[in-house]
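Colleague: Questions regarding the structure given below will be posed in turn.
FYI, it's all coordinate maths here, none of it is from the lab. Since we're looking at a predicted model, the values are computed, not measured. Positions of Cβ are generated from backbone atoms using ideal geometry, with glycine treated the same way; all protein chains shown enter the neighbour counts.
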Amino acid sequence: MRDNLRFGMLVLVMALSITFICTGFAHAYDMREYYPLNVGDEWKYNIVEKDIVEEEGIEVFSEEIFESWDFVVKGKDIIGKATVYMIAEGDEVVYEAVESEVVKRFKRIEGSDIVKFDPPKPLFLNLEVGESNKFSLKNLYYNADINKTWTNKEQVELGLESIEDVIVPAGKFSGCLKFRIVSKKRTHAESRYVEEENIIWLAKGVGIVKTVHTKRDVIDASNAEIEQSLSVLASAVIDGKKI
């Protein structure tokens, strides 16, 4: 009887331990819900861009540009063993896959320029609030006009900062995931490097609703060209439903 009781308690402890292990590493945010991709989905964004030139740390020029961009899922493709979606972003086409734990970018094409990301570049991760991850990537560039290939390395830090409500022209979206993504890489001219920061809000069932983007093209210790932009969702059609 005692042996049976001991065995029963052992089984219960093991079951509780397994439950803890399985749930302790699970996160609450399924990326497929926050970054939906279906062929025919489309998002329209209003964008304000500001270009700044700094010399000796002083702003010497700035210009604001107002634009509207459409993002449309044009179709599907296969890269390796992954099913990817082809998304037209203005004059670019990117190839992305979404899983429960991660959104990944495999390739980007703009005119005669092709960039392949090795390994695929994580755009968003299923993280806990306050958690972040760092990645080292190798990007392969090819320009068809000059038939030239080169590579560069990129350091990326991606974190989930908070859960927030966001109001944009398309409406109010509650419980948005606020990500901060910071990257640093050398340009083709090895003497220069580029720093980029993206703060992005994802709404459940919609995707990206707001982005604050800053890009610093560092020429030397005293001079830089800076691009800043704010994009907000104006409208969207997700799985045939208007937002």
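Colleague: Given charges of +1 on the Cβ of Lys and Arg and -1 on the Cβ of Asp and Glu, with all other atoms neutral, how large is the dipole of the range 57-196 about its Cα centre, in debye to the nearest 20?
Modeller: The calculation lands at about 760 debye.
Colleague: Follow-up question, since we're still on this one. Please work out the Cα center distance from the range 122-172 to the range 197-243, rounded to the nearest Å.
Modeller: What the calculation gives is 11 Å, centre to centre.
Colleague: What FRET efficiency would be calculated for the residue pair ASP70, LYS241, taking the C-beta separation as r and a Förster radius of 22 Å, to the nearest 0.05?
Modeller: 0.80
Colleague: Mind giving me the nanometre distance, one decimal, between the label points for TYR193 and GLU49, set 7 Å out from Cα along Cα→Cβ?
Modeller: With each label point 7 Å from Cα toward Cβ, the separation is 2.5 nm.
Colleague: May I pose another question? Cut-off under 14 Å on the C-alpha distance; same-chain residues fewer than 8 positions from LYS184 excluded. Which aspartates and glutamates are left, in chain and number order?
Modeller: GLU154, GLU157, GLU195, GLU196, GLU197, ASP217
Colleague: Can you list the HN-Hα couplings for the range 98-106, worked out from phi with the Karplus curve (6.51, -1.76, 1.60; θ = phi - 60°), rounded to whole Hz and with x for Gly and Pro?
Modeller: Residue by residue, the range 98-106 yields 10, 10, 4, 9, 7, 10, 10, 10, 9 Hz.
Colleague: Place a +1 charge on the Cβ of each Lys and Arg in the range 107-172 and a -1 charge on the Cβ of each Asp and Glu, then give the dipole magnitude about the Cα centre in debye, rounded to the nearest 20.
Modeller: So the dipole magnitude of the range 107-172 works out to roughly 420 debye.
Colleague: Restricting to Cα pairs below 8 Å that are 6+ residues apart, what does the relative contact order work out to for the range 30-242? Please round to a whole percent.
Modeller: Reported as a whole number, the value is 21 percent.
Colleague: Can you sort SER132, SER68 from fewest to most other Cβ atoms within 10 Å of each residue's own Cβ?
Modeller: Details: SER132 16, SER68 11.
Ranking SER132, SER68 by Cβ neighbours within 10 Å, fewest first, gives SER68, SER132.
Colleague: Holding the Cα-Cα limit at 27 Å, pick out from LYS76/LYS185; LYS44/LYS172; LYS50/LYS74 the pairs that are longer than that.
Modeller: As for pairs spanning more than 27 Å Cα to Cα, those are LYS76/LYS185; LYS50/LYS74.
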